[in-house]
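The values are calculated or read from the model by the stated rules, or taken from the named source; none is laboratory data. Only a predicted model underlies this, so the values are computations on that prediction, with no experimental measurement involved. We place every Cβ from the backbone using ideal geometry, glycine too, and count neighbours over all the protein chains shown. Remember, those area values only see protein heavy atoms, side chains included, never the ligands or the DNA or RNA. Shrake-Rupley method; radii C 1.70, N 1.55, O 1.52, S 1.80 Å.
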Amino acid sequence: MKILIIEDEIPARKKLRRLIEELDSPVEIVAETATVQASIDFLRTNQPDLIFSDIELLDGNAFEIYGQVPVKCPIIFTTAYDQFWMDAFEGNGIDYLLKPFNKDRFLKAWHKFKMLKSAASSEQAMITNLTKLIRENFPGQSWKKRFAINTRQGIYFIETENILFFEANEGMVVAYDHKGKEHLLSEATLKQIEEQLDPSVFFRINRSELIHKPYIEKIERYNKNTLAIKLIGYESYLKTSQSQTATFRDWIEK
């Protein structure tokens, strides 16, 4: 188990190191970084199994790290500030330790990580077996080509190729087509829709918006960790979340 500590306060770093070393699991602290840039440099060539991350660092905010390099492992945030908790859980954050935290609170976060890791391993094994079974019996992947729209007058269909993006809002999902028309999709969540679409051309840029690559007209820098995306035929710009920006940059170039 490889662990990265991102912490600029020496006492806090020592405390984390001691708590980690006291665990009954085989763990290795592979690095300790104190700045945004040092963390980015490390994560560009290394992928730990878990990150303990402070938020306010010597040279900036830790969310800058996760906006610039793709991080696949869970993150346990450790901070003296409580205003960042929503951003922390938007990406890979699984717990939020508010300083000063004690050993019991630390162990609670650790056991949560272990539980999620175990569940993920079981789920991954199930997905792998299911994928293998599908490939053996149904060669070739078929993505959803059209969506049924239920109205009071009846049912009509919208072709997937004509959809600019999907938006989730207050429990409903709306599809916006290339002519600027909105289509309400009933009995479907954005996650369910995402799973039915080709990931090479559809991407979830934030919690509520799933965009279609062929309709991307231009991309602009919105702030240090966020991009603004202009779609053909849609006036407003859509924005990536901080946690999705780096992954989006990789996806758009494929």
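Evaluate the relative contact order of the chain (contact order divided by residue number), counting alpha-carbon pairs under 8 angstrom at least 6 apart; express in whole percent.
Values: 392 pairs, mean separation 34.1, N = 254.
Normalised by residue count, the contact order of the chain is 13 percent.
Let me check I've understood the local charge: for Ile40, count other residues with C-beta under 12 angstrom from its C-beta, Lys and Arg +1, Asp and Glu -1. What total comes out? Can you show the working numbers first?
Details: positive: Arg44; negative: Asp41, Asp59, Glu64.
Around Ile40, the charge tally is -2.
What net charge is computed for the residues neighbouring Lys112, neighbours being all others with C-beta under 12 Å from the C-beta of Lys112, Lys and Arg scored +1, Asp and Glu -1? Walk me through the numbers before you get to the answer.
Numbers: positive: Arg105, Lys108, Lys114, Lys117; negative: Asp95.
Local net charge: +3.
Hey, what's the chain come to in accessible area per residue, 1.4 Å probe, Å²? It would help to have the intermediate numbers written out before the result.
On the way: 14750 Å² over 254 residues.
Spelled out: the 1.4 Å probe surface of the chain, per residue, equals 58 Å².
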TODO: Would you mind finding the longest exposed-site-free stretch of the chain, with exposed GluC sites (Glu not before Pro) meaning DSSP loop and at most 12 other Cβ atoms within 10 Å?
DONE: 23-169
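With a sphere of radius 10 Å drawn around the Cβ of Ala80, what net charge do the other residues whose Cβ falls strictly inside it have (Lys, Arg +1; Asp, Glu -1)?
Details: positive: Lys99; negative: Glu9, Asp54, Glu56, Asp82.
That works out to -3.
Apply the a/c threshold of 1.5 to the C-alpha gyration tensor of region 1-92 and tell me whether it is rounded, prolate or oblate.
Details: a/c = 1.44, a/b = 1.22, b/c = 1.18.
Rounded.
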Open item on the list: If every alpha-carbon in region 169-225 counts as one equal scatterer, what log10 I(q)/I(0) does Debye give at q = 0.12, 0.24, 0.29 1/Å?
Closed with: -0.33, -1.16, -1.36
- [ ] Report in % the part of the accessible area of the chain that belongs to carbon and sulfur, leaving out ligands and nucleic acids; probe 1.4 Å.
- [x] 51 percent
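Can you give me the relative contact order of region 1-105 as a percent, contacts being Cα pairs under 8 Å and 6 or more apart? Write out the running numbers ahead of the final one.
Numbers: 167 pairs, mean separation 26.1, N = 105.
Dividing the mean separation by the residue count of region 1-105 yields 25 percent.
Please find the FRET efficiency linking Ala228 to Glu159, where r is the Cβ-Cβ separation and R0 is fixed at 22 Å, and quote it to the nearest 0.05. Write down the numbers at each step before the final one.
Numbers: r = 27 Å, r/R0 = 1.24.
With R0 = 22 Å, the Cβ-Cβ based efficiency is 0.20.
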Task: Helix-only [θ]222 nm of the chain, DSSP H runs n ≥ 4, -39500 (n - 2.57) each, per residue, nearest 500 - done: -9500 deg cm²/dmol
Open item on the list: What aspartates and glutamates does Lys181 reach when the alpha-carbon gap must be under 15 Å and sequence neighbours fewer than 8 apart in one chain are set aside?
Closed with: Glu159, Glu161, Glu167, Glu235
Task: Centroid-to-centroid separation of region 1-76 and region 159-182 [C-alpha atoms, Å] - done: 39 Å
Open item on the list: Just to be sure I understand the model, the point goes 7 Å from the Cα along the line to the Cβ. What's the resulting Arg249 to Asp82 distance in nm?
Closed with: 3.4 nm
Open item on the list: Among the listed pairs Lys15/Lys108; Lys14/Lys224; Lys14/Lys103, which have their C-alpha atoms separated by more than 21 angstrom in this model?
Closed with: Lys14/Lys224
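Could you work out the longest stretch of the chain that avoids the chymotrypsin sites (Phe, Trp or Tyr not before Pro) located in DSSP loops with at most 13 other Cβ atoms within 10 Å?
Working: sites that count: Tyr81, Trp143.
Answer - 144-254.
Let's see if you can work this out: charge +1 on each Lys and Arg Cβ, -1 on each Asp and Glu Cβ, no other charges. What is the dipole magnitude of the chain about its Cα centre, in debye to the nearest 20?
On the way: 34 positive and 37 negative charges, 85 e Å.
For this selection, approximately 400 debye.
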Task: Amide H contacts under 5 Å for Gly93, placed H, 5+ residues apart - done: Ile75
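Could you calculate the contour length gain from Glu235 to Asn46, that is, 0.36 nm times the residue separation minus the distance between their Cα atoms, to one decimal place in nm?
Values: separation 189, 0.36 × 189 = 68.04 nm, distance 4.00 nm.
Stretched fully, the Glu235-Asn46 segment lengthens by 64.0 nm.
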Open item on the list: Checking understanding here: applying a Kyte-Doolittle mean of at least -1.0 and a length along the axis of at least 20 Å (C-alpha), which whole DSSP H helices in the chain pass?
Closed with: 103-137
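Is the shape of the chain best called rounded, prolate or oblate, per the rule: a/c under 1.5 gives rounded, else a/b larger than b/c gives prolate, else oblate, with a ≥ b ≥ c the square roots of the Cα gyration tensor eigenvalues? Walk me through the intermediate numbers first.
On the way: a/c = 2.32, a/b = 1.73, b/c = 1.34.
Prolate.
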